[in-house]
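> Pasting a structure here, questions to come.
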Amino acid sequence: MPSSNSAPRNFDAARYRAFYRTMWRIRLFEEAAIRAVADKLVLGAIHPSIGQEAVAVGVCGNLAREDAMLSTHRGHGHTLAKGADSLAMMRELFGREGGTCHGKGGSMHIADFGVGMLGANGVVGANIVIAVGAAHAIKLKRENRIVCCLFGDGAINRGPFMEGLNWAGVWKLPVLFVCEDNGFAASTRTRAMTSGEGPAARARALGIPAEEIDGNDAALVDETAKRLIGEVRGGGGPRFLVTKTYRLTGHTGVDPAAYRPKEEVEAKWKDDPIARLGAALIAAGLSQADLDAERRAASAEMDGAYAAARETPWPPERRAYEDVQDAGDPRVAAF
Amino acid sequence: MAKITYADAAKRAIAEEMRADPTVWAVGEDLGRGGVFGQYKGLPEEFGPERIADAPISEACIMGAAVGAAMMGTRPIVEMRFSDFALCAIDELVNQAAKARFMFGGQAKVPLVVREPIGMWRSSAAQHSQSLESWYAHIPGLVVVCPATPADNYGLMKTAIRNDDPVVYMEHKNLWGLEGDIDDAPAAIPFGKARVARAGKDATLVAWSATVHAALEAAGELAKEGREIEVVDLRCLWPWDRETVLASVRKTGRLLIAHEAVRVGGFGAEIAAVVAEEAHGALKAPVRRVGSPRAPIAYAPPLEDLLRVTPATIARAARGLFA
């Protein structure tokens, strides 16, 4: 994969400075969440996307607020990049009132429909078929919105991947599929469990134009996503983007990822997408002080979110029975 | 009052709702040809291929896409062809559709009608004959409807389409051609209201779907023997009408539940347990249940018939209430 540490053509420094801040917001949100796991404030599983921030900002940075986005269990970055509020998200991870889902979903079910974020998902690949249905509704209603569906490389071995891509192709639906290929399906190397040539080849076999890029190059992800989203929005049907990246931490917030050689992880830290974008911004004329200011702002935001979430009360008990369904009383004859 | 078949009654409800609400649409395999049982016949011509949409043989995607389309403001009717095939879409129904509203804190509703034809007919063997309604009654977030008559298939379908949550709508394949009366201006039927199909004072017989008709026949036989059996058509398994069942049992003192599904773990067990908890003092005899043996459904007619819940098996169990 070619590296692009120098500022490329048409490098929009203001745009990428904002990306840089969002990448730090994602990184520091997740670092705060990992701290909260250690502090026993986040009791459920979290799945950090540290090292994958360029995909989140590059893809979501090209979506309009009214565009729909569906994410995965590893979805904090996508959700922040789509515009969700970090404090509401942190409260959700803490299981508190005022969380995006009133503390009823947690990290794996974060959703913020107000910014078009239609849900993380606890089941790998399950969001793909939901995403094509969202796009189907957009087509039926003659709307100009699009859907972006992000999933990992592990998802391509599930049936809904094939069914969903086929469906999108049959109806030429406005969906951008983004396979965030971090090399691991939980703790197993995906390539060891994947026959054939991988995600792009599978998409092409289903008639969906696909390309594969360096997912740690925020500007490249941005340019590519912008072009593909333009094609999708223009009625060109679905597109498929594979972003090659690396999960710098474990599968969950408590996974030491001892199944990977230390040297491999150390080498991958040298390809940290935040550092790469920082270097490109310096090459484009920004100062280190500019970059530090962005990091400090992100840090203050996430430290504040942690502190505020900790002080937020639990949801009231009535939440346990709210929004189950309209018909029938969920409490009937239970105890 | 006019006559209508069970299949046409649901179709009439769908057509009326589709005319009234442009966000209602149906999707499933072979719908463009009117559906595998003809239960959509004529609808493709009226509503076109976008709103009566064919689908690939991709049950998981049909269901999952309907979840996404429902979250985006449409009201899909999902055709699963056979309830047996809907098992290919269990994650989409149970983990996604049923839970999205709750998990997302009320940000999303998933208004789906999942049509899952159930039941034994003739020589369709173990993968085209099952009655799995009790599975879905177990899942918070789902409504479970099992209509027995044409009028109910109209009125409950209307309510199902207007409902904001996923509804597992189980029609019995043996009833498609059943004719029955329907009002000239029929109304929607609310969920969770059982129907007393035959009044009686000596015992309560609860059934749903096609078994209601076998239960009525059995009650007719018992009447000849001087036993007045009250037949309650439950209509919905969730929400289910505890009040009507308990009131009937308090009146009669005896309860038999009959269903086509496997007896072990069937919904009859839930009804029996609630009656034991709530109306034990009213019972003059042990509660009895009739259901299918716990064996896959065989192809050969004589073997298949061994598993059937019939008027004779129901009548035999009913007599046992008075032994």
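> Quick check on the range A:84-94. Is at least one of its residues under 14 Å from the mean Cα position of the chain (by Cα), within 12 Å of chain B (Cβ to nearest Cβ) and in contact (Cβ under 8 Å) with a residue 12 or more places away in the chain?
Yes, there is a match, as at least one residue in the range A:84-94 is under 14 Å from the mean Cα position of the chain (by Cα), within 12 Å of chain B (Cβ to nearest Cβ) and in contact (Cβ under 8 Å) with a residue 12 or more places away in the chain.
> What helices (runs of 4 or more DSSP H), lying completely within the range A:1-96, carry at least 3 residues that are surrounded by fewer than 24 Cβ atoms within 10 Å (Cβ to Cβ)?
A:13-38, A:86-94
> Related question: Considering only residues of the range A:292-329 that are touching a residue at least 60 places away in the same chain (Cβ under 8 Å) and among the basic types (Lys, Arg), which is farthest from the other protein chains (Cβ to nearest Cβ)?
A:ARG295
> Test of understanding: among B:GLN96, B:GLN107, which residue is facing chain A (nearest Cβ under 8 Å) and without any contact (Cβ under 8 Å) to a residue 12 or more places away in the chain?
B:GLN107
> Let me ask another. For the range A:82-93, name all the residues that are out of contact with any strand residue (DSSP E or B) (no Cβ under 9 Å at 6 or more places or on another chain) and either among the charged types (D, E, K, R) or farther than 21 Å from A:GLY250 by Cβ (or both).
The answer is A:SER86, A:LEU87, A:ARG91, A:GLU92.
> Restricting to the range B:114-128, give me the number of residues that are of a type outside the set (Lys, Arg) and not in a loop (DSSP other than H, G, I, E, B).
Residues that pass the stated criteria total 2.
> Next question, about the same structure. Being polar (S, T, N, Q), open to solvent by 10 Å² or more (accessible area, probe 1.4 Å) and touching a residue at least 60 places away in the same chain (Cβ under 8 Å) narrows it down to one of A:THR224, A:THR245, so name that one.
Selected residue: A:THR245, the only one of A:THR224, A:THR245 that is polar (S, T, N, Q), open to solvent by 10 Å² or more (accessible area, probe 1.4 Å) and touching a residue at least 60 places away in the same chain (Cβ under 8 Å).
> I've got another one for you. Which condition number in (1) under 24 Å from B:HIS172 (Cβ atoms); (2) open to solvent by less than 30 Å² (accessible area, probe 1.4 Å); (3) within 13 Å of another protein chain (Cβ to nearest Cβ) is the one that B:GLU79 fails?
All conditions pass for B:GLU79, except number (3).
> Which residues, taken from the range B:259-275, are surrounded by 14 or more Cβ atoms within 10 Å (Cβ to Cβ) and either β-branched (Val, Ile, Thr) or more than 21 Å from the chain's Cα centre (by Cα) (or both)?
Once the filter is applied, which keeps residues that are surrounded by 14 or more Cβ atoms within 10 Å (Cβ to Cβ) and either β-branched (Val, Ile, Thr) or more than 21 Å from the chain's Cα centre (by Cα) (or both), the range B:259-275 yields B:VAL262, B:ILE271, B:VAL274, B:VAL275.
Each row is one residue, and each column tells you yes or no for (1) open to solvent by less than 10 Å² (accessible area, probe 1.4 Å); (2) within 11 Å of another protein chain (Cβ to nearest Cβ); (3) on the phi < 0 side of the Ramachandran plot; (4) not hydrophobic (A, V, I, L, M, F, W, C).
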| site | (1), (2), (3), (4) |
| --- | --- |
| B:ALA26 | yes, no, yes, no |
| B:GLU29 | no, no, yes, yes |
| B:PRO44 | no, no, yes, yes |
| B:PRO49 | no, yes, yes, yes |
| B:ASP54 | no, yes, yes, yes |
| B:ILE57 | no, yes, yes, no |
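> Pick out, from the range A:118-219, the helices (runs of 4 or more DSSP H) lying fully within it that include 3 or more residues that are open to solvent by 40 Å² or more (accessible area, probe 1.4 Å), on the phi > 0 side of the Ramachandran plot and away from chain B (no Cβ under 13 Å).
Passing ranges: none, list empty.
> A further question on this structure: Name, by its number, the condition in (1) in contact (Cβ under 8 Å) with a residue 40 or more places away in the chain; (2) over 27 Å from A:LEU176 (Cα atoms); (3) of a type outside the set (S, T, N, Q) that does not hold for A:ALA289.
With (1) in contact (Cβ under 8 Å) with a residue 40 or more places away in the chain; (2) over 27 Å from A:LEU176 (Cα atoms); (3) of a type outside the set (S, T, N, Q) applied to A:ALA289, the lone miss is (1).
> Same structure, new question: How many of the residues making up the range A:101-117 are open to solvent by 10 Å² or more (accessible area, probe 1.4 Å) and either of a type in the set (Phe, Trp, Tyr) or within 7 Å of chain B (Cβ to nearest Cβ) (or both)?
5
> Separate question: Name the residue that is farthest from B:GLY73 (Cα to Cα), counting only residues in the range B:116-140 that are within 14 Å of chain A (Cβ to nearest Cβ), in contact (Cβ under 8 Å) with a residue 24 or more places away in the chain and surrounded by fewer than 24 Cβ atoms within 10 Å (Cβ to Cβ).
B:ALA137
> Quick one: B:ARG101 ticks every box in (1) in contact (Cβ under 8 Å) with a residue 12 or more places away in the chain; (2) within 10 Å of chain A (Cβ to nearest Cβ); (3) touching a helix residue (DSSP H, G or I) at 6+ places or on another chain (Cβ under 9 Å) bar one, so which box is it?
Against the list (1) in contact (Cβ under 8 Å) with a residue 12 or more places away in the chain; (2) within 10 Å of chain A (Cβ to nearest Cβ); (3) touching a helix residue (DSSP H, G or I) at 6+ places or on another chain (Cβ under 9 Å), B:ARG101 comes up short only on (3).
> Here is a list of conditions, (1) more than 11 Å from chain A (Cβ to nearest Cβ); (2) surrounded by fewer than 24 Cβ atoms within 10 Å (Cβ to Cβ); (3) touching a helix residue (DSSP H, G or I) at 6+ places or on another chain (Cβ under 7 Å), and B:VAL113 meets all of them except one; can you say which number that is?
Just one mismatch for B:VAL113, condition (2).
> Where in the range A:250-317 are there helices (runs of 4 or more DSSP H), lying wholly inside it, with at least 3 residues that are surrounded by fewer than 13 Cβ atoms within 10 Å (Cβ to Cβ)?
A:262-269, A:288-311
The values are calculated or read from the model by the stated rules, or taken from the named source; none is laboratory data. Everything quoted here is computed from the prediction, not taken from an experiment. A quick note on method: Cβ atoms are made from the backbone with ideal geometry, for glycine too, and the neighbour counts reach across all protein chains shown. The accessibility values were calculated without ligands, DNA or RNA, using every heavy atom of the protein model including side chains. Shrake-Rupley method; radii C 1.70, N 1.55, O 1.52, S 1.80 Å.
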